[in-house]
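The values are calculated or read from the model by the stated rules, or taken from the named source; none is laboratory data. What you see is a predicted model; the values in this text were computed from it and never measured. Cβ coordinates were reconstructed from backbone atoms using ideal geometry, including for glycine residues, and neighbour counts include every protein chain displayed. For the accessible areas, the whole protein counts, side chains as well, though only heavy atoms, and no ligand, DNA or RNA atoms are used. Shrake-Rupley method; radii C 1.70, N 1.55, O 1.52, S 1.80 Å.
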Amino acid sequence: MDRARRKEILVGAEDFVKIRTGDYYYVDKTGFIRDLLQKKGEVTLFTRPRRFGKSLNMSMLKAFFEYGCSPQLFEGLEIARETELCGRYMGRFPVISISLKSAEEKDFSSARSQMCTIIGNEALRFQFLLQSSRLTECEKALYCQLITVDRENKEMFSIADAVLNASLQTLSSLLHKHYGQKPIILIDEYDVPLAKASEHGYYDQMVFLIRNLFGQALKSNTSLEFAVLTGCLRISKESIFTGLNNIVTYSVADVEFSSYFGFTEGEVHGLLGEYELSSHEQELKDWYDGYRFGNTEVYCPWDVLCHCKKLCADPEAEPEDYWINTSGNDIIRTFIQISRGGHAKYEMEQLLAGEAIAKEIRQDLTYRDLYDSMDNMWSVLLATGYLTSRGKAERNRFCLAIPNREIQEIFVRQVTEHFQEAAQKDGAAMEAFCTALQEGNAAEAERIFQGFLRKAISIHDYSIRNSLKENFYHGILLGFLSFKEDWIVSSNRETGEGYSDIIIEIEEENIGIILEVKYSQSEDLEAACQEALGQIEQMRYDEFLRDQGIQTILKYGIACWKKRCKVVMEKED
């Protein structure tokens, strides 16, 4: 295809109408509409990890069902072939559509105000209700309560508790009466307010609010056609869905709808072909594939689009951790902290080695329970996309594994940071290690480092790049060395004919130290140490220190293999 005529890749777009009217590249997921209508329940919840297309699919549903839908939006797409279905449903409904993604405040008052704003802004789309001949003055007054602006802060909507609790039910009943047609309710990222409330200590208050809001809108609402919710986790009925027996949930474990969140292999193949990037297909598979939803293997769409867009600008661009940069990594940090010892530590090492482990998974939790136990953590990691399932689950028992290279490298880096922090807390050991380096006592430095590695989670999967393994041990060493505040420690400094791993300047003693770290491919750690020392010599890593006028230079080759290490030193005066 002529490059000038290619559709632009729009990363992070969640507005279906914008993508279609702007002629951006779109992976056709409109078959979701057909399947939803065929399996339609009164309330349907889809749980998927973030950045797997939930919001875009909700925007697509709104565009399809809402009054005023332009058929041109769906021309050439899969749903357009369903002519009878389109005739019955396309553009035939009022739609109430809210996203709770932004309701993530640090205190309940602010979070509640944000909820009022979200619902108030959606209600403002229907100001024609104020002129409706089918509504009474009392009903119009109810509508006005939903759109009352707080004059002190015009961005917030001040709604009384009773009005807020009934707001979605009130809006749907008014729309029902105006149109003579029951509306559809779409609630995207329904669990974000609960996640933030749990994090900041107002969980009970937020549960009470959400339970009342959802109860009236979804349980006892005679003006509801049907509702669709999306989120990351399925929250137990006892928490917010009390008495809501009409809800059907489709999680990452379910076969139904499995191909509509994320990109299938065929969809990625088509995308790469469109932009003449087919030579990168295996690269994208290694880095961003590996998720299993139901019986479908899927790629993370955010990663795929980010990397394809970068490759279009720079065909030599290296893969990156695009997904993790869109959110924090507190879940992995908590998991690593919990799995520091015993069997849990062994299981973490199995995961990092590319193996799968069988675990019982709870399909519904409360946010209060997420980090209560290691058993719950497995369920959270599966639901949030840090782990995926391999093979067919038996009842609630899943074989869990790290899905791909991106997530594997994220785990490795988080393990490194965790043990860096742990090292810095052991002042006596750190002082002894640094003293041994300064005095040229390689055996003592080796003994201390070896003792620490025995406690650490080991990194030994052969599919992990050697450079990443070396970075793991490199990072732990930097944690040790940060203990000496008066030492000047440089990492990956350009010197001689390359970049040395670690260079240390001890100004008061006029001593320089060079550390070169190698991950050995076997138990022959001595050979790897000699290779490291040879690299220091060959690449003239000591050049920088000599230019600084340092007379005593200690050169260390450090080799690591799983939980073992070897330290060898050469001295120059």
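Could you say which residue among Phe64, Phe46, Phe74, Phe16 is more than 30 Å from Glu276 (Cα to Cα), free of Cβ contacts under 8 Å to residues at least 60 places away in the same chain and open to solvent by less than 20 Å² (accessible area, probe 1.4 Å)?
Phe64
Check segment 509-530 and report whether any residue there is open to solvent by 60 Å² or more (accessible area, probe 1.4 Å), in contact with a strand residue (DSSP E or B) (Cβ under 9 Å, 6 or more places away or on another chain) and over 26 Å from Gly451 (Cα atoms).
yes
Please indicate, with yes or no, whether at least one residue in segment 466-474 is open to solvent by less than 50 Å² (accessible area, probe 1.4 Å) and under 22 Å from Gly440 (Cβ atoms).
yes
Of the residues in segment 80-132, how many are of a type in the set (A, V, I, L, M) and either touching a Gly at 6+ places or on another chain (Cβ under 7 Å) or open to solvent by 50 Å² or more (accessible area, probe 1.4 Å) (or both)?
Looking only at that region, the number is 2.
Among the numbered conditions (1) at pLDDT 95 or above; (2) surrounded by 13 or more Cβ atoms within 10 Å (Cβ to Cβ); (3) over 23 Å from Phe64 (Cα atoms), tell me where Thr136 comes up short.
Against the list (1) at pLDDT 95 or above; (2) surrounded by 13 or more Cβ atoms within 10 Å (Cβ to Cβ); (3) over 23 Å from Phe64 (Cα atoms), Thr136 comes up short only on (2).
Give segment 219-232 a look and list any residue that's open to solvent by less than 10 Å² (accessible area, probe 1.4 Å) and under 29 Å from the mean Cα position of the chain (by Cα), or say none.
Within segment 219-232, Ala227, Val228, Leu229, Thr230, Gly231 qualify.
Can you tell me which of (1) modelled with pLDDT under 95; (2) in a helix (DSSP H, G or I) is the one Tyr462 doesn't meet?
Looking at each condition in turn, Tyr462 falls short on (2).
Quick check on segment 28-42. Is at least one of its residues open to solvent by less than 50 Å² (accessible area, probe 1.4 Å), at pLDDT below 95 and either touching a strand residue (DSSP E or B) at 6+ places or on another chain (Cβ under 8 Å) or closer than 18 Å to Tyr299 by Cα (or both)?
Yes - at least one qualifying residue is present in segment 28-42.
Applying the selection to segment 233-245, what residues are over 16 Å from Leu370 (Cβ atoms) and either under 24 Å from the mean Cα position of the chain (by Cα) or open to solvent by less than 10 Å² (accessible area, probe 1.4 Å) (or both)?
Hits for segment 233-245 are Phe241, Leu244.
Taking the condition of being assigned to a loop (DSSP other than H, G, I, E, B) and either hydroxyl-bearing (Ser, Thr, Tyr) or modelled with pLDDT of 90 or more (or both), how many residues in segment 508-520 meet it?
Number satisfying all stated conditions: 3.
Please work out which residue is modelled with the lowest pLDDT, limiting yourself to segment 1-13 and to residues that are small (Gly, Ala, Ser) and loosely packed, with under 15 Cβ neighbours inside 10 Å.
That would be Ala4.
All but one of (1) touching a strand residue (DSSP E or B) at 6+ places or on another chain (Cβ under 9 Å); (2) surrounded by fewer than 16 Cβ atoms within 10 Å (Cβ to Cβ) hold for Trp561, so report the exception by its number.
(2)
If I ask for residues that are under 19 Å from Cys138 (Cβ atoms) and either open to solvent by 20 Å² or more (accessible area, probe 1.4 Å) or polar (S, T, N, Q) (or both), which ones from segment 156-178 would you list?
Within segment 156-178, Ala160, Ala162, Val163, Asn165, Ser167, Gln169, Thr170, Ser172, Ser173, His176, Lys177, His178 meet the criteria.
For Ile210, state whether it is open to solvent by less than 20 Å² (accessible area, probe 1.4 Å), at negative phi, outside any helix (DSSP H, G or I) and out of contact with any His (no Cβ under 7 Å at 6 or more places or on another chain).
no
Here's the yes/no breakdown for (1) under 35 Å from the mean Cα position of the chain (by Cα); (2) not charged (D, E, K, R):
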residue: Glu417; (1), (2): yes, no
residue: Cys434; (1), (2): no, yes
residue: Leu437; (1), (2): no, yes
residue: Glu446; (1), (2): no, no
residue: Ser482; (1), (2): yes, yes
residue: Asn492; (1), (2): yes, yes
residue: Glu508; (1), (2): no, no
residue: Lys518; (1), (2): yes, no
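Of the residues in segment 520-536, how many are among the polar types (S, T, N, Q) and over 37 Å from the mean Cα position of the chain (by Cα)?
Looking only at that region, the number is 2.
Do the conditions hold for Glu523, that is, is it under 25 Å from Val412 (Cα atoms) and in a loop (DSSP other than H, G, I, E, B)?
Taking the combined requirement at face value, the residue satisfies it.
I'm checking my understanding of the structure. Among residues of segment 400-457 that are part of a helix (DSSP H, G or I) and touching a strand residue (DSSP E or B) at 6+ places or on another chain (Cβ under 7 Å), which one is nearest to Trp302 (Cα to Cα)?
Leu453
Spot the failing condition for Phe335; the list is (1) farther than 30 Å from Lys555 by Cα; (2) part of a loop (DSSP other than H, G, I, E, B), and only one is missed.
(2)
Any idea which of Arg447, Arg368 is open to solvent by 30 Å² or more (accessible area, probe 1.4 Å) and touching a residue at least 60 places away in the same chain (Cβ under 8 Å)?
The unique qualifying residue is Arg368.
Okay, residues lined up against (1) among the β-branched types (Val, Ile, Thr); (2) more than 25 Å from Leu233 (Cα to Cα):
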| site | (1), (2) |
| --- | --- |
| Ile336 | yes, no |
| Arg362 | no, no |
| Ser373 | no, no |
| Asn376 | no, no |
| Leu381 | no, no |
| Thr384 | yes, no |
| Leu387 | no, no |
| Arg405 | no, no |
| Phe419 | no, yes |
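Taking interchain pairs and intrachain pairs at least six residues apart, which have beta carbon atoms under 8 angstrom, with the first residue in segment 82-93 and touching a residue at least 40 places away in the same chain (Cβ under 8 Å) and the second part of a helix (DSSP H, G or I) and surrounded by fewer than 19 Cβ atoms within 10 Å (Cβ to Cβ)?
Pairs found: Glu82/Arg34; Leu85/Arg34; Leu85/Leu37; Tyr89/Leu37.
Please work out if Glu421 is open to solvent by 10 Å² or more (accessible area, probe 1.4 Å) and free of Cβ contacts under 8 Å to residues at least 40 places away in the same chain.
Taking the combined requirement at face value, the residue does not satisfy it.
For residues that are within 17 Å of the chain's Cα centre (by Cα) and closer than 22 Å to Arg6 by Cβ, scanning just segment 249-296, find the one that is surrounded by the fewest Cβ atoms within 10 Å (Cβ to Cβ).
Checking each candidate, the answer is Phe263.
Evaluate segment 322-335: report whether one residue or more is at pLDDT 80 or above and within 26 Å of Glu421 (Cβ to Cβ).
yes
Quick one: count up the residues across segment 465-504 that are in a loop (DSSP other than H, G, I, E, B) and at pLDDT 80 or above.
8
Restricted to segment 191-206, and to residues that are among the aliphatic types (A, V, I, L, M) and open to solvent by 10 Å² or more (accessible area, probe 1.4 Å), which residue is modelled with the lowest pLDDT?
By that ranking, first place goes to Ala195.
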